[in-house]
Amino acid sequence: MPAGRSLAIFVAGLTGTITPAKLGEVLKCGLLRRSFGVPVRRSAPVVLAERVTDATGVVVLAVAGGAGSDRWPLLVLALAGVALIVAVVRSPLLERFAALGEAPEAARALLGTRLLVGMTADSAVSWFCECLAAYVCVRGLRLHLSLADTIVVFSLGSLAGALSFLPGGLGVAETSMTGLIRVLGDVPKAAAAAATVLIRLATLWFAVALGLVGLAVEERLARTQPVSARRSSIR
């Protein structure tokens, strides 16, 4: 598929950021099937691999930001959780679900060591940019929180929100970030809460807004795509 359409569909999937465990991002599977005839059983493992490497990338950042501190128990727990997810996906356990068709095999191929390392590195860079956005919010409020501490706050807060399986991790992520900001930066509760609100607006809700724009662009491109091209892709 063309790179431009791939980008539009990926950005459109950001609208699923506020769904439980980002399950709404399977919207991308529907968009791929509609415009390019890609079976869901082929595209769903891609979304799964994205979610797994999201977690591995965040853990890498959390470990890097918390290195040499007294926060190792939390970081080790997060790392163990991600390792368990990867182990389950790469194990024969998924073979029990025949309804998934070729999805288990595709998921294991995507999460092979070489691709897993590469996608984790990409994910870590992406999440680091969000950590920088969070750091700008922190500095804008003149809070005494270092970049390393901000990385830990954002990474562990995001992981807590994801593991809660609540839409967008709402409530859990905010509470975790506020608590971590107060502990790591010795910040008053009101200032920590204000920082958390700004961080979430600059990351989570900004991503949702981008997703809505991407979805509108993809809808427009899909309508202008020749019918013959859609039929041939489905065949």
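What follows draws every value from the coordinates through simple rules; no lab data is involved. Because the structure is predicted, anything quoted here is derived from the model rather than measured. Reconstructed Cβ throughout: ideal geometry from the backbone, glycine too, with neighbour counts over all protein chains shown.
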For this session: Compute the length gained on full extension between residue 51 and residue 189: take 0.36 nm times their separation in residues and subtract their Cα-Cα distance, giving the result in nm to one decimal.
Result: 46.5 nm
For this session: Give a quick list of chymotrypsin sites (Phe, Trp or Tyr not before Pro) in segment 104-201 that DSSP marks as loop, anything other than H, G, I, E or B, with at most 16 other Cβ atoms within 10 Å.
Result: 165
Exercise. If we sort 173-181, 22-30, 37-45 on the protection proxy, mean other Cβ atoms within 10 Å, highest first, what's the order?
Worked result: 173-181, 22-30, 37-45
For this session: Give the shape of segment 161-214 as rounded, prolate or oblate, defined through the alpha-carbon gyration tensor: a ≥ b ≥ c are the square roots of its eigenvalues, a/c under 1.5 means rounded, and otherwise the shape is prolate if a/b is larger than b/c and oblate if not.
Result: oblate
Problem set entry | Rounded Å value of the spacing that divides the Cα centres of segment 115-137 and segment 1-15 | 19
